[in-house]
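Visitor: Before anything else, here's the structure in question.
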Amino acid sequence: MCSLLTSVVDTLKPRYSELTTYLAALTCVVLAFAYPDFGILLSDLFSGAGADDADVALAVISLTGIAAVGFVLSVLHVFTKRTKEPWERTCMGVFALGANGLAGMLSGIEMFSSHSPSCAFFPIWNIATGASLLYQIGLNRFEVTQEDATPVEVAAASLVLLVAYALSAQALRLSWAATFSICMFYSSVFVFILCQVRRLLRSLGLSHYPRR
């Protein structure tokens, strides 16, 4: 029973690959160009604006700097085939944690304050994903996999993300915070489904992906 429960938890827990963090990076790029307020928020994080004291500001700036390195590596690795060094995977993990946490927190505040409980699922998902990532990092069980995304996967994932953005921002006219949350949700769901398809193909001996 315990082994079955462990297997289920292992299957359902968030998987982080270069494709996952790439989609988070693409989301940030799209929102930065589409919403000036999002760009201002990023600028404030880099400068530590709004922090209560110098120590908090330094912590915010430091974490934002690490996340920024993770952002760059997320884009770099998805278009190149090379081994990810441990420090690179850590930076990419910090970026994924920050993106999910920020999306969940900001959209959650907005949705709950506007009394829109029907949309609360998305920020809750973001926060839960970020919390799971933080838990894995704390136990030293977190890693970004070494699997390389194929050009077809990158193109399909990018298309799914852009469709989610168009539906949220253009069709539904949602705010940038809600759009951020929904795009992060669909990105993680897409990668989760992809991971399950890879597992199935691998079990059938039809996949060229080794377990890494």
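Visitor: Could we say that ARG89 is assigned to a helix (DSSP H, G or I) and among the charged types (D, E, K, R) here?
Guide: The answer is yes for ARG89.
Visitor: I would also like to ask the following. Can we say VAL75 is under 15 Å from the mean Cα position of the chain (by Cα), under 30 Å from ARG173 (Cβ atoms) and either surrounded by 13 or more Cβ atoms within 10 Å (Cβ to Cβ) or at pLDDT below 90 (or both)?
Guide: Answer is yes for this residue.
Visitor: Another one. Here is a list of conditions, (1) in a helix (DSSP H, G or I); (2) at pLDDT below 85; (3) under 25 Å from TYR186 (Cα atoms), and ILE66 meets all of them except one; can you say which number that is?
Guide: Checking ILE66 against (1) in a helix (DSSP H, G or I); (2) at pLDDT below 85; (3) under 25 Å from TYR186 (Cα atoms), the one that fails is (2).
Visitor: Residue by residue through the stretch 80-108, note down the ones that are in contact (Cβ under 8 Å) with a residue 60 or more places away in the chain and of a type in the set (A, V, I, L, M, F, W, C).
Guide: The answer is MET92, PHE95, ALA96, ALA99, LEU102, ALA103, LEU106.
Visitor: Also: Among the listed residues LEU159, LEU194, LEU134, identify the single one that is more than 20 Å from GLY101 (Cα to Cα), at pLDDT below 85, under 19 Å from the mean Cα position of the chain (by Cα) and not in a loop (DSSP other than H, G, I, E, B).
Guide: LEU194
Visitor: Can you confirm whether GLY65 is surrounded by fewer than 17 Cβ atoms within 10 Å (Cβ to Cβ) and touching a residue at least 12 places away in the same chain (Cβ under 8 Å)?
Guide: yes
Visitor: Do you know which residues across the stretch 162-184 are in contact with a helix residue (DSSP H, G or I) (Cβ under 6 Å, 6 or more places away or on another chain), more than 16 Å from ALA24 (Cβ to Cβ) and part of a helix (DSSP H, G or I)?
Guide: ALA169, ALA178
Visitor: Sticking with this structure for a sec: Taking the conditions exactly as written (part of a helix (DSSP H, G or I), surrounded by 14 or more Cβ atoms within 10 Å (Cβ to Cβ) and either in contact with a Pro (Cβ under 8 Å, 6 or more places away or on another chain) or at pLDDT 90 or above (or both)), does LEU31 satisfy them or not?
Guide: yes
Visitor: Moving on. Somewhere in the stretch 108-117, is a residue at pLDDT 80 or above and over 15 Å from the mean Cα position of the chain (by Cα)?
Guide: Among the residues of the stretch 108-117, at least one is at pLDDT 80 or above and over 15 Å from the mean Cα position of the chain (by Cα), which makes the answer yes.
Visitor: Among the candidates ASN126, ASN100, which residue alone is buried (at least 22 other Cβ atoms within 10 Å of the Cβ) and at pLDDT 80 or above?
Guide: ASN100 is the lone residue from the list that is buried (at least 22 other Cβ atoms within 10 Å of the Cβ) and at pLDDT 80 or above.
Visitor: Right, something else. Those residues that are of a type in the set (A, V, I, L, M) and surrounded by 15 or more Cβ atoms within 10 Å (Cβ to Cβ), I need them from the stretch 168-193; list them, please.
Guide: ALA169, LEU174, ALA177, ALA178, ILE182, MET184, VAL191
Visitor: Does LEU76 satisfy being in contact (Cβ under 8 Å) with a residue 60 or more places away in the chain and under 19 Å from VAL154 (Cα atoms)?
Guide: No, not satisfied.
Visitor: Restricting to the stretch 155-172, name every residue that is farther than 11 Å from LEU194 by Cβ and aliphatic (A, V, I, L, M).
Guide: Result: ALA155, LEU159, LEU161, LEU162, VAL163, ALA164, ALA166, LEU167, ALA169, ALA171, LEU172.
The values are calculated or read from the model by the stated rules, or taken from the named source; none is laboratory data. The structure displayed is predicted, hence computed values, not measured ones. As a convention, Cβ positions derive from the backbone with ideal geometry for all residues, glycine included, and neighbour counts pool all protein chains shown.
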